[in-house]
Amino acid sequence: MTHDKNGVAHAAFHNGRTEEIPLVIDERLCSDTILRVVRLSPKLFVVYDVAVLNGVRLHEKLNYQQRKEKIDALLELHNPDLCALVSIEDAPVGAIIRGYECYDCVPGSIGVFVDKDLPVIE
């Protein structure tokens, strides 16, 4: 999410190509915010992580639990009318979820994908 040179807020999804998406969210959050999402359908995205929030690089500064709290607060400010951003816990029943991200408590570490059909070893 960012603003163009005229100050107009824009949201885009990038997966090899950039696609503008219609998003209803507090415009103040669009000052260079980068979320890591997985697209479940054309207008439904699961938010897994936040790299940058309003121009502040959070990934290197906060552990995943702290970033998750920021994501949850951000999602509370979002209206899913045009395009929905949801947490994995709020993904629709029946959504095809291939697995989950697992994180340690070290700031800057990258999550590890765990297939939902594999047993989790703790």
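The values are calculated or read from the model by the stated rules, or taken from the named source; none is laboratory data. Bear in mind that the values here come from a model prediction, so they are computed numbers and not experimental data. We place every Cβ from the backbone using ideal geometry, glycine too, and count neighbours over all the protein chains shown.
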Next on the checklist: Just to check your reading of the model, which residue among 38, 52 is under 17 Å from residue 113 (Cβ atoms) and surrounded by 12 or more Cβ atoms within 10 Å (Cβ to Cβ)?
Outcome noted: 38
Checklist outcome for this item: Output for Cβ contacts, cut-off 6 Å, separation at least six or different chains, first residue touching a residue at least 40 places away in the same chain (Cβ under 8 Å) in the range 21-35, second small (Gly, Ala, Ser), reads 21/11; 23/11
Checklist entry - In the list 72, 49, 81, 90, which residue meets the criterion of being within 24 Å of residue 27 (Cα to Cα), in contact (Cβ under 8 Å) with a residue 60 or more places away in the chain and either in contact with a His (Cβ under 8 Å, 6 or more places away or on another chain) or not aliphatic (A, V, I, L, M) (or both)? => result 49
Next on the checklist: For the range 55-74: of the residues being crowded, with 17+ Cβ neighbours inside 10 Å and among the aliphatic types (A, V, I, L, M), which is farthest from residue 110 (Cα to Cα)?
Outcome noted: 74
Checklist entry - When only residues in the range 96-107 that are of a type outside the set (Gly, Ala, Ser) and farther than 26 Å from residue 57 by Cβ count, which is surrounded by the most Cβ atoms within 10 Å (Cβ to Cβ)? => result 97
Item to check | Among (1) touching a helix residue (DSSP H, G or I) at 6+ places or on another chain (Cβ under 8 Å); (2) at pLDDT below 90; (3) among the β-branched types (Val, Ile, Thr) - the single one residue 47 does not satisfy | outcome: (2)
Checklist entry - Would you pick out the residues in the range 52-65 that are touching a residue at least 24 places away in the same chain (Cβ under 8 Å) and either under 17 Å from residue 28 (Cα atoms) or not charged (D, E, K, R) (or both)? => result 53, 54, 55, 59, 62, 63, 64, 65
Checklist entry - touching a helix residue (DSSP H, G or I) at 6+ places or on another chain (Cβ under 7 Å), modelled with pLDDT of 80 or more and not basic (Lys, Arg): does that describe residue 75? => result no
Item to check | Evaluation of residue 111 against (1) in contact with a Leu (Cβ under 9 Å, 6 or more places away or on another chain); (2) touching a residue at least 60 places away in the same chain (Cβ under 8 Å) (one fails), failing number | outcome: (1)
Next on the checklist: Out of 93, 120, 114, I need the residue that is at pLDDT below 90, surrounded by 14 or more Cβ atoms within 10 Å (Cβ to Cβ) and more than 29 Å from residue 10 (Cβ to Cβ). Which one?
Outcome noted: 114
